[in-house]
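Undergrad: Below you will find the structure I want to go over with you.
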Amino acid sequence: MAKGIAEVGIEEIAKAGGLTREEAKEIHGVIREAIAVAEAKGSDPSEVWREVVARRVLKPRHPHPLHQLVYYSVYAHWDSSINGPPLYWFPSLYQSKLTNLGRIMETHGPKLLGTSYKDPITSFNLFRKFFVQHPEAYWSIILKELSIVFREAPKCILDISDKSKPGGTWLPGAVLNIAECCLLPSKHPRKEDDSCAVVWRDEGCDDSEVNHMTLKELREQVMLVANALDATFSRGDAIAIDMPMTVNAVIIYLAIVLSGLVVVSIADSFAAKEIATRLRVSNAKAIFTQDFIQRGGRKVPLYSRVVEAAPYKAIVLPVSGSDVGIKLREQDISWRDFLSIVNQHPRPTYYPPVYQPIGATINILFSSGTTGDPKAIPWTQRSPISCSSDQWAHANVGVGDVFCWPTNLGWVMGPVLMFSCFLTGATLALYNGSPLDRGFGKFIQDAGVTILGTVPSLVKTWKSTHCMEGLDWSKIKSFPSTGEVSNIDDDLWLSSKSYYSPIIECCGGTELASAYIHGSQLQPQAFGAFSSPAMTVGLVILDEHGVPYPDDEACVGEVGLFPLFLGATERLLNADHEKVYYKGMPMYKGMRLRRHGDVLKRTVGGYLIVEGRADDTMNLGGIKTSSIEIERICDRADEGIMETAAISVTPPDGGPELLAIFAVLKQGFDHQPDKLKTIFSKAIQRNLNPLFKVSFVKIVPEFPRTASNKLLRRVLRDQVKEEISVRSRI
């Protein structure tokens, strides 16, 4: 948008917002005041936006075009190459001191940093860098802040004496049961038996009361299931869970860990072949599942997929009612009959937790597995500590919060969400149904959710279908986001639904058990950007020769992680850990860097933007660029575009790589490929590089994705190669 905010008139505001002239005049007046405040401070556009947001002139009920008009007009002449990404959220000094991280900074900052410490905002980077150099200081604090109770205390925080372990040994000698830590009352954080531990609602019950379960009730249910498990399986057995993330799934997960067994995480969206692969790789002894899944008003078979997968013993829960609605195989058992085992073998209602070394495996998770067997990734009892500390420090999750994130125990965010709630004292919010529909949004409103986790594709659907209009999400304090690269305009829409609460971007991996880069409530935030590496995480950005760029230099390259990373894997069950994460990585200050595979862009001002995976980069006319960078431009090149995917291919007879764009159109638009080819080429040449051109455009109804929603560029690349090959033969 070329027009600056000072040039926006009352009529334009009225049209964009569907407002009366008087309403538009009021908003226009506040904007003029914000401009005057900014001019007094030096005409910084971010000051204009800060004032507009602070005065709450833009309401969640206002149409998105009005939010777009104001935001894009404020930053119409912003040059990101000089100023860094435009900012939309700013921490206040008062609020910063009340955050989890700000509170411990105020307590420990003067002692650790001396006179260098000023306040949580000014000293954030200094504080974080201190903890990168002294991680043991940070984790000793975190262990007191979370509900971690050791049966045997660790001998130290970190032991780096064994040179064969580049990641060191964290909390050596510690013995505990991490599920017990989730279930016990604690003074800090303040969890009591009558504290609300879980709230939930089933799809189709949108007008009913939200269900509640106290910590005591949760513990009793977990111990009931643990007793049944103990009577059925042997210690150390791997038990799979393939069902939606319901309150029963959470109870089963905690009971498996409490009784010294190992959870095998399987997403409920998988076909029989993928289920069978994960059961085989993990050597699972049994599987918890459901007869059906309730989604979008219909029942989707689940048990039948498990039956097709393999002859493993299945414990089958009903999607509704007290018993399953299908006939089971002879070796299988219903949920009701499984629980009755406790009555057949009288046991006390209490179950004594099985205490294990902190390095004991509690959960086997899997990578997406786009080719071959997925990597089997073991989580130890360190992993929940790591992921919970992330949400505690960056999303500010704690007692009094209601935390929801539509996910599944088959993916990393399921265990992350669960442990982050129970170890910080927050309430876990679960919706048993489709998160794409209004019923989910109404649950967020009715449950009083204060922290709503998202993935960008979900936000895109909510925005495009208008299904969440009219709901009150004003209690939401932050929106953690992960899984994909965020779309700036979609994030503008999301943040506006709660008077511009911050979107806390986080990017990590199952093998890290946490994120390595994050947004922070102690730093100004920019849409689609990460403001900092996570607490204690050290990283460098490598050039094409594997040489790190200086820490303060704007650059693009593959990330290398410092190996001292609490919770990160030390082994894989079916792959060479050393080869996957360390082989070929350069040394840095005496450390072998850990491979993660992301390409990062560090902007002016130090913000980080994920440019895709290292294997998603392309060479166009001798210039390296990323798919993500091109997609950002193409997504906004025409109003009819829902989303795009960029890939490059080498022609069959050799030569320079060709740029191909796949496009999904919004409903009601009917563009032709040739027209889009021209539109995309002009946009890329204007905004990225005048030498780049689009060689191929294909319009598709949707993109191929993995079950965890990762785009399958490999499939798109094969489609382009085939079409180019066919054309060359004609």
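The values are calculated or read from the model by the stated rules, or taken from the named source; none is laboratory data. Please read these numbers as outputs of a predicted model, since none were measured by experiment. Here Cβ is always computed from backbone atoms with ideal geometry, including for glycine, and neighbour counts include all displayed protein chains.
Undergrad: Taking the range 176-202 as the search range and keeping residues that are more than 24 Å from the chain's Cα centre (by Cα) and small (Gly, Ala, Ser), which one is nearest to residue 141 (Cα to Cα)?
TA: This residue is 186.
Undergrad: Additional query: Starting from residues that are touching a residue at least 40 places away in the same chain (Cβ under 8 Å) and either at positive phi or part of a helix (DSSP H, G or I) (or both), keep the ones in the range 183-222 and report whichever is surrounded by the most Cβ atoms within 10 Å (Cβ to Cβ).
TA: Filtering first and then ranking leaves 222.
Undergrad: Does the range 393-416 contain any residue that is under 24 Å from residue 267 (Cβ atoms) and without any contact (Cβ under 8 Å) to a residue 40 or more places away in the chain?
TA: no
Undergrad: Out of all the residues in the range 600-622, which are assigned to a loop (DSSP other than H, G, I, E, B) and at pLDDT 80 or above?
TA: Hits for the range 600-622 are 603, 604, 605, 606, 607.
Undergrad: Examine the range 359-378 for a residue that is surrounded by 18 or more Cβ atoms within 10 Å (Cβ to Cβ), modelled with pLDDT under 95, in the same structural domain as residue 218 (by TED's automatic domain parsing) and of a type in the set (Phe, Trp, Tyr), and state whether such a residue exists.
TA: Within the range 359-378, one or more residues are surrounded by 18 or more Cβ atoms within 10 Å (Cβ to Cβ), modelled with pLDDT under 95, in the same structural domain as residue 218 (by TED's automatic domain parsing) and of a type in the set (Phe, Trp, Tyr).
Undergrad: Among 598, 576, 552, which is the only one that is of a type in the set (D, E, K, R) and touching a strand residue (DSSP E or B) at 6+ places or on another chain (Cβ under 7 Å)?
TA: 598
A quick yes/no check of all residues on (1) under 18 Å from residue 397 (Cα atoms); (2) outside the structural domain of residue 258 (by TED's automatic domain parsing); (3) at pLDDT 95 or above; (4) out of contact with any helix residue (DSSP H, G or I) (no Cβ under 7 Å at 6 or more places or on another chain):
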{"position": "107", "(1), (2), (3), (4)": "no, yes, yes, yes"}
{"position": "137", "(1), (2), (3), (4)": "no, yes, yes, no"}
{"position": "142", "(1), (2), (3), (4)": "yes, yes, yes, no"}
{"position": "145", "(1), (2), (3), (4)": "yes, yes, yes, no"}
{"position": "152", "(1), (2), (3), (4)": "no, yes, yes, yes"}
{"position": "157", "(1), (2), (3), (4)": "no, yes, yes, no"}
{"position": "182", "(1), (2), (3), (4)": "yes, no, yes, no"}
{"position": "185", "(1), (2), (3), (4)": "yes, no, yes, no"}
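Undergrad: From the list 17, 42, which residue is buried (at least 18 other Cβ atoms within 10 Å of the Cβ) and either on the phi > 0 side of the Ramachandran plot or in contact (Cβ under 8 Å) with a residue 24 or more places away in the chain (or both)?
TA: 17
Undergrad: Name every residue in the range 223-235 that is in contact with a Leu (Cβ under 8 Å, 6 or more places away or on another chain) and free of Cβ contacts under 8 Å to residues at least 60 places away in the same chain, in order of residue number.
TA: Correct list: 229, 233.
Undergrad: Further, regarding this structure: Could you please let me know if residue 457 is more than 15 Å from residue 440 (Cβ to Cβ) and either modelled with pLDDT under 95 or in contact with a Ser or Thr (Cβ under 7 Å, 6 or more places away or on another chain) (or both)?
TA: no
Undergrad: Can you give me the number of residues within the range 397-440 that are farther than 23 Å from residue 365 by Cβ, polar (S, T, N, Q) and at pLDDT 95 or above?
TA: Adding up the residues that qualify gives 1.
Undergrad: What's the number of the condition residue 511 fails, among (1) touching an Asp or Glu at 6+ places or on another chain (Cβ under 9 Å); (2) buried (at least 20 other Cβ atoms within 10 Å of the Cβ)?
TA: Among (1) touching an Asp or Glu at 6+ places or on another chain (Cβ under 9 Å); (2) buried (at least 20 other Cβ atoms within 10 Å of the Cβ), the lone unmet condition for residue 511 is (1).
Undergrad: Let me ask something else about it. Which of (1) modelled with pLDDT of 95 or more; (2) within 25 Å of residue 530 (Cα to Cα); (3) surrounded by fewer than 24 Cβ atoms within 10 Å (Cβ to Cβ) does residue 384 not meet, given it meets every other one?
TA: Going through the list (1) modelled with pLDDT of 95 or more; (2) within 25 Å of residue 530 (Cα to Cα); (3) surrounded by fewer than 24 Cβ atoms within 10 Å (Cβ to Cβ), residue 384 breaks only (3).
Yes or no, residue by residue, for (1) over 27 Å from the mean Cα position of the chain (by Cα); (2) under 25 Å from residue 176 (Cα atoms):
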position: 215; (1), (2): no, yes
position: 235; (1), (2): yes, yes
position: 255; (1), (2): no, yes
position: 264; (1), (2): no, yes
position: 278; (1), (2): no, no
position: 304; (1), (2): yes, no
position: 316; (1), (2): yes, no
position: 321; (1), (2): yes, no
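Undergrad: Could you please find all residues in the range 540-568 being within 19 Å of residue 614 (Cβ to Cβ) and free of Cβ contacts under 8 Å to residues at least 40 places away in the same chain?
TA: 543, 545, 547, 560
Undergrad: Exactly one condition in (1) outside any helix (DSSP H, G or I); (2) out of contact with any helix residue (DSSP H, G or I) (no Cβ under 8 Å at 6 or more places or on another chain); (3) in the same structural domain as residue 705 (by TED's automatic domain parsing); (4) not hydrophobic (A, V, I, L, M, F, W, C) is not met by residue 644; state its number.
TA: Here residue 644 clears every test but (2).
Undergrad: Restricting the search to the range 520-537, which residues are in a loop (DSSP other than H, G, I, E, B) and over 15 Å from residue 132 (Cβ atoms)?
TA: Within the range 520-537, 521, 522, 523, 524, 527, 528, 529, 531 qualify.
Undergrad: Of all residues in the range 315-347, which are free of Cβ contacts under 8 Å to residues at least 12 places away in the same chain and either touching a His at 6+ places or on another chain (Cβ under 9 Å) or in a loop (DSSP other than H, G, I, E, B) (or both)?
TA: Hits for the range 315-347 are 321, 327, 330, 346.
Undergrad: A follow-up question, please. Does the range 79-105 hold any residues that are in contact with a helix residue (DSSP H, G or I) (Cβ under 8 Å, 6 or more places away or on another chain) and assigned to a loop (DSSP other than H, G, I, E, B), and which are they?
TA: 86, 90, 97, listed by residue number.
Undergrad: Just checking, which of 41, 59, 97 is under 15 Å from residue 492 (Cα atoms) and basic (Lys, Arg)?
TA: 59
Undergrad: Does residue 238 meet the test of being in contact with a helix residue (DSSP H, G or I) (Cβ under 6 Å, 6 or more places away or on another chain), assigned by TED's automatic domain parsing to the domain that holds residue 291, within 20 Å of residue 384 (Cβ to Cβ) and touching a residue at least 40 places away in the same chain (Cβ under 8 Å)?
TA: Spelling it out, residue 238 is indeed in contact with a helix residue (DSSP H, G or I) (Cβ under 6 Å, 6 or more places away or on another chain), assigned by TED's automatic domain parsing to the domain that holds residue 291, within 20 Å of residue 384 (Cβ to Cβ) and touching a residue at least 40 places away in the same chain (Cβ under 8 Å).
Undergrad: Condition (residue is surrounded by fewer than 19 Cβ atoms within 10 Å (Cβ to Cβ), under 21 Å from residue 474 (Cα atoms) and at pLDDT 95 or above) applied to the range 85-92: is it met by at least one residue?
TA: Yes - at least one qualifying residue is present in the range 85-92.
Undergrad: Right, something else. Taking the residues in the range 517-559 that are within 20 Å of residue 582 (Cα to Cα) and surrounded by fewer than 19 Cβ atoms within 10 Å (Cβ to Cβ) as candidates, determine which candidate is modelled with the lowest pLDDT.
TA: The residue in question is 544.
The rows are residues; the columns are (1) under 21 Å from residue 157 (Cα atoms); (2) out of contact with any Pro (no Cβ under 7 Å at 6 or more places or on another chain); (3) surrounded by fewer than 22 Cβ atoms within 10 Å (Cβ to Cβ).
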| site | (1), (2), (3) |
| --- | --- |
| 561 | yes, yes, no |
| 568 | yes, yes, no |
| 572 | no, yes, yes |
| 575 | no, yes, yes |
| 580 | no, yes, yes |
| 591 | yes, no, yes |
| 597 | no, yes, yes |
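Undergrad: Is it the case that residue 625 is at pLDDT below 80 and polar (S, T, N, Q)?
TA: For residue 625, the condition - at pLDDT below 80 and polar (S, T, N, Q) - is met.
Undergrad: Going through the range 413-434 one residue at a time, which ones are part of a loop (DSSP other than H, G, I, E, B) and touching a Ser or Thr at 6+ places or on another chain (Cβ under 9 Å)?
TA: 425, 426
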